[in-house]
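Here the structure is laid out as structure tokens; the discussion comes afterwards.
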Ligand code: HEC
Ligand code: HEC
């Protein structure tokens, strides 16, 4: 199936409004704008929306990303447009039934805030949603998506998103990166809470430590809610496209609620306590890291850990955007950077990215060795 994106209208810039100004202030103001534009805007024109932050021989260079790589200003899932498009496209196949109406009605019935199905399922603490939504709209929507003409909350297409790399998470695909659950499973509340509290170092996801504990819990609940609802809607859409007929909505509502039901999820990692972090462990970790028939971290993260391994070229994440292996020498980790979190990342992988899960191929103690080796690559002057 092809989810072609149609061009979107760009409105006039609203921040550029004339304001009365004293005569003498014109020259300094002009200087301010000229310098401001030179410093902040020109770099984008030189290399429109590409992240050319490394030299061109480097496999991680944006030059190695192909022309057909998704431009940064496009949404990976323009849900409303796709729904309207396939509503027309499939009308005759569906015998006159409206796909859009089917999806919207089912979404309201199973995952509307007043849905008795949702309340009875116990998967969402419905009482937190009103407050969570307020916080989301004030603090998160600018990046993670607003209720707009073409965008929906949680689709990662907020007005600020186009300039970010990596992009703000689209919550509607059921994929999260920093989870303590088994590979591919939905996150626990505490995983999302940790991300909201600490932010994701090295990306534009900020820390929200300043929000009270209760408000963070409310917004986490709202994120779970829009993620579930979004996953359900996307599922109904793509199944209808694939089958050419309307599916049994309840069956998929059950499937999605089950996936998000925290009573059925558990934090499985790390599975054994940390081993001694000494020279012997680091040496064992290094051997595994370099071993091309086992862990083979070197193929992506490179000999020195800067992320320039031979397979590091032109990776894309499952949201469709270019991605590079982490540079370990900076010592900045999105999962939070404690050894236990690195253990979990290596064991379970990073959802939606080429960073694979190693729980099957390395023992728990071997993973600790690799963690100790990775940490030893941090530049010491940091
Ligand atoms: C300035 C932009 C920005 C704002 C504001 C922002 N985020 Fe994010 N957020 C991001 C980016 C960028 C990522 C993706 C980082 C990555 O892929 O490593 C992200 C990722 C996430 C994730 C996914 C973590 C995972 O495991 O995959 C969650 C959950 C999240 N944000 C929640 C929130 C919540 C809740 C708020 C508001 C309280 C918020 N964000 C505000 C930019 C933002
Ligand atoms: C197929 C390529 C590939 C292989 C093999 C690979 N990685 Fe990664 N790794 C990645 C990518 C890509 C990222 C960045 C993901 C992101 O930005 O969300 C990453 C990220 C990481 C992170 C960053 C976690 C954080 O919290 O920021 C660590 C640690 C890591 N890898 C360790 C390893 C170790 C150890 C091995 C070997 C056991 C390994 N990786 C093998 C591609 C790979």
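Is there a residue being surrounded by fewer than 20 Cβ atoms within 10 Å (Cβ to Cβ) and more than 30 Å from residue 123 (Cα to Cα) anywhere in the stretch 262-269?
no
Hey, among the residues in the stretch 150-198 that are surrounded by 24 or more Cβ atoms within 10 Å (Cβ to Cβ), within 12 Å of the chain's Cα centre (by Cα) and more than 16 Å from ligand 2 (Cβ to nearest atom), which one's farthest from residue 224 (Cα to Cα)?
Going through the qualifying residues, I end up with 157.
If I filter the stretch 351-367 for residues that are within 14 Å of residue 271 (Cα to Cα) and at pLDDT below 90, do I get at least one hit?
Checking the stretch 351-367: at least one residue is within 14 Å of residue 271 (Cα to Cα) and at pLDDT below 90.
Quick one: how many residues across the stretch 206-231 are touching a residue at least 60 places away in the same chain (Cβ under 8 Å) and not in a helix (DSSP H, G or I)?
The total comes to 2.
If I ask for residues that are surrounded by fewer than 17 Cβ atoms within 10 Å (Cβ to Cβ) and assigned to a helix (DSSP H, G or I), which ones from the stretch 86-99 would you list?
If the condition is that a residue be surrounded by fewer than 17 Cβ atoms within 10 Å (Cβ to Cβ) and assigned to a helix (DSSP H, G or I), then 88, 89 are the ones that fit.
Go through (1) at positive phi; (2) touching a residue at least 12 places away in the same chain (Cβ under 8 Å) one by one and return the number of the condition residue 270 breaks.
(1)
Among the residues of the stretch 302-317, are any modelled with pLDDT under 90, in a loop (DSSP other than H, G, I, E, B) and within 16 Å of ligand 1 (Cβ to nearest atom)?
Within the stretch 302-317 (the criterion being modelled with pLDDT under 90, in a loop (DSSP other than H, G, I, E, B) and within 16 Å of ligand 1 (Cβ to nearest atom)), the answer is yes, since at least one residue qualifies.
Okay, residues lined up against (1) without any contact (Cβ under 8 Å) to a residue 12 or more places away in the chain; (2) in contact with a helix residue (DSSP H, G or I) (Cβ under 9 Å, 6 or more places away or on another chain); (3) within 9 Å of ligand 2 (Cβ to nearest atom); (4) under 28 Å from residue 319 (Cβ atoms):
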{"site": "338", "(1), (2), (3), (4)": "yes, no, no, yes"}
{"site": "347", "(1), (2), (3), (4)": "no, yes, no, yes"}
{"site": "353", "(1), (2), (3), (4)": "no, no, yes, yes"}
{"site": "362", "(1), (2), (3), (4)": "no, yes, yes, yes"}
{"site": "369", "(1), (2), (3), (4)": "no, yes, no, no"}
{"site": "372", "(1), (2), (3), (4)": "no, yes, no, no"}
{"site": "378", "(1), (2), (3), (4)": "no, yes, no, no"}
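Conditions: (1) on the phi < 0 side of the Ramachandran plot; (2) without any contact (Cβ under 8 Å) to a residue 40 or more places away in the chain. Residue 302 meets all but one. Number of the miss?
(1)
The values are calculated or read from the model by the stated rules, or taken from the named source; none is laboratory data. Being a predicted model, the structure only gives us computed values, none of them experimental. Neighbour counts are summed over all protein chains in view; Cβ atoms, including those assigned to glycine, are modelled from backbone coordinates with ideal geometry.
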